[in-house]
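Presented below is the structure to which this report refers.
No lab work stands behind these numbers, since they all come straight from the coordinates. Small disclaimer: the values here were computed from a predicted structure and weren't measured. Heads up, the Cβs are rebuilt from the backbone with ideal geometry, glycines too, and the neighbour counts pull from every protein chain shown.
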């Protein structure tokens, strides 16, 4: 996984499938949320990989430049291809905020997955609901789980519901009461709830 700057979480026994997750703008594969989610997937019997997007591989800190999106989209396709080699079974991909949004864009452009899992999907910049980032959602054809805080300034639950409905495939919204964009919660085990929802949607 060195070629995609990924860290692999392996389960005990034969894997049931593979999961590839990436970070938000300004974050990295070391984000506590990604670590916890990947550990949860491994406990459930899946190989889970958390990886850095190309812009993060180029510099250790800071948000992605506006010019980074094309290379980052290519990096997601590359990462999913690499993760596929680790085990047979379903392939799940997604990420937090920027990383999740770009993974959803890659999926809308033909990246083949069995399920998309999005954490704190950034529907719009804080205070700018008129600039919704939803134009590609109707082109996503795979089941999708949104895990979202009820106090997220990048989009409310009421805004998220009609956005999720644009996807012509089954969707689930995991509401994290009181959580903001980082999905920190003392009341809800966010990784467990997200993985439960994904497994249920996979059937």
request  = May I ask you to derive the relative contact order of the range 123-203, considering only C-alpha pairs under 8 Å and at least 6 residues apart, and to give it as an integer percent?
outcome  = 31
request  = Take the chain, connect every pair of alpha-carbon atoms lying under 10 Å apart with a spring to form a Gaussian network, then pick out the residue of 149, 99, 13 with the largest mean-square fluctuation.
outcome  = 13
request  = Could you line up 97, 185, 67 from fewest to most neighbouring Cβ atoms inside 10 Å?
outcome  = 67, 185, 97
Residue among 125, 108, 156 with the largest mean-square fluctuation in a Gaussian network model of the chain, springs linking Cα atoms under 10 Å = 125
request  = Mind telling me which of 22, 85, 134 comes out most flexible in a GNM of the chain, alpha-carbon contacts under 10 Å?
outcome  = 85
task = Sort the range 110-202 into rounded, prolate or oblate with this rule: let a ≥ b ≥ c be the square roots of the eigenvalues of the Cα gyration tensor; rounded if a/c is under 1.5, and if a/c is not under 1.5, prolate when a/b is larger than b/c, oblate otherwise.
result = oblate
request  = Fewest Cβ neighbours within 10 Å first, please rank 160, 201 accordingly.
outcome  = 201, 160
ask   = Between rounded, prolate and oblate, where does the range 18-138 land on the alpha carbon gyration tensor, with a ≥ b ≥ c its root eigenvalues, rounded for a/c under 1.5, else prolate if a/b exceeds b/c?
value = prolate
query = Fewest first, what order do 19, 190 take by the number of other Cβ atoms within 10 Å?
reply = 190, 19
request  = Can you tell me the relative contact order of the chain? Whole percent, Cα pairs under 8 Å, sequence separation 6 or more.
outcome  = 18
query = Among bridges DSSP assigns within the range 2-202, what percent are antiparallel (round to 5)?
reply = 15
